[in-house]
Each structure stands twice: as structure tokens, then as C-alpha cells.
Amino acid sequence: MHAHRRAARRLTGVLVLSLPALLTGCTADAPKPAPTGVPDPVPAEVDGARDELAALAAAAQDRHLTARYVFSPADGPSRTVTLTSANDGTWRVDLPGWGQGGTVDVALATTADGLFQCVLPAAGCVRLGDPDDSVPRRADLRVQHPFTDWLEVLTDRRAPLAVSPATPPPGATGQCYSVDTTSASLNAPLDVGIYCYRPDGTPTAVRAGFGTLELAGEPGPAPATVQLPGPVTDGEPVRREAPSADPSASPSTS
């Protein structure tokens, strides 16, 4: 009887000593959890498209020309936008039928003296700020962005963008890319859409929130600098909305 008890105690001791070793072995053989916080690799095609678009946008920054684009807005009839990108870096974009409910033709332009909105033809220009200032919202034509500040965003690899190859819009030519934003911010650095370029950096088409721009004909040579179409005057820039009726002009009633 005592012999059986001693044997049982020895067996219990062996199990107690062996169990930690068995657990240690199981822990050592268990697969390690995948590290957290490491981003998934970017597909080679997507990463290559981002590089290609950045290179074309950089070429567009160095591409100086005069060109006409058919502008098809999200609302309203199509019209012709004229772009002038001068050799000294100044630029001008003319947009018919933008101001005062579609009744006034306007232009945005930069010169060495500043950023201007001009009423066409030759009705005077209002200074909006310095050459590198952003266009105020009330005077923003939006069609100038693909030729000016959005090029800086497309060349910036730190910008929160997702880029992939895209099919050209109907009638458009060039190499096209679909651009989306990866940021949840309401102030996106540019409009998501499709951007198309020739190998030399000539913008051939843009489809964005404001509508579609498509190159019309072959571009011409660039001037040395941009000239304002009229004299600089005091006053407020033209707005897009039609002027509201002045209540003070209404007949009074007694």
C-alpha cells in the first residue's frame, strides 16, 4: 500500500516538472503574430503610374505655349478657354461667359506686378494679390488650376493621392491617369478626375469637378511674358453670380 502511494507521488512530481517544459516548447514553436502598423506594399503598377504622372506634370510646368481648349462645364454650354503660359512663368487664362450669370467674359492673369482678374475685352483689370497668391474663391474660374497650382500637387510625392492608368475621355488624346485623394480632409489639394498629357508635358485633357477640358488644335509658341488686356483699376472683382436687384431702387409704397 505504501509502495503504491510512493509511486503515485513520484509520478505526480514528474508531471509537475515536465509540464512547464512542455508549455515552453509549445510557446517557442508557436508562430509569431504579424507586426502591426506596417503598410501593405503598393502594387507596382499603381506606384509606376504615380511616377509617370509626376514626370509628366513636371514637364508641363516647363512647357510654355499658347493653346485653346474646349470647355464643357458641368452646367451650361461649351465654350473655348484660351491658355497663355509665357516663357518667364507668367500665365493667363481667358474664359468667356463666366461672370455675372454668364454675361461677362473674364480672364485671370499673373504678371510680375501681381495676380489680376480682367474683364474682356479691355475693360480693366483688378489686382487680387501677389503673383504667388491663391485666387480668391469669389473670383476663381477653376479652369486655370490644371495649368497652374495643381501641377505642383501632381509632382509632390507626399501629396495624399492615388494614381492609376485611365482610358482617355472620348475625343481626347495623350497618356491619361485617374487621380483620387487618399485624405479624408474636406480641403482636397485638387479635384479628383482624369488628367491627360502628351510626352512633352502638353496637357491634352482634364475631366474634373468643374467639367471637361480638351485640347483644340495644335498649341502655338509662347510669348516672352503675359500682357494684361486692359488697364489696372480700383474696384471689386466680377463675381460669377448675376447681380441681384437693388431693393432701394424699387418704388416705395405708402
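What follows draws every value from the coordinates through simple rules; no lab data is involved. The structure displayed is predicted, hence computed values, not measured ones. Neighbour counts are summed over all protein chains in view; Cβ atoms, including those assigned to glycine, are modelled from backbone coordinates with ideal geometry.
Given region 132-254 reduced to its alpha-carbon atoms as identical point scatterers, what log10 I(q)/I(0) does the Debye formula return at q = 0.09, 0.17, 0.20, 0.21 Å⁻¹? So the normalised log intensities work out to -0.39, -1.04, -1.28, -1.34. Among 226-238, 96-108, the peptide with the highest mean count of other Cβ atoms within 10 Å heads the list, and the full ranking is 96-108, 226-238.
When each of the peptides 195-203, 160-168 is scored by the mean number of other C-beta atoms lying within 10 Å of its residues, the order from highest to lowest reads 195-203, 160-168. As a calculated quantity, the FRET efficiency between ALA74 and ASP113 at R0 = 30 Å, using C-beta atoms, amounts to about 0.35. Using every pair of separate Cα atoms, the Kirkwood estimate puts the hydrodynamic radius of region 165-226 at 13.1 angstrom.
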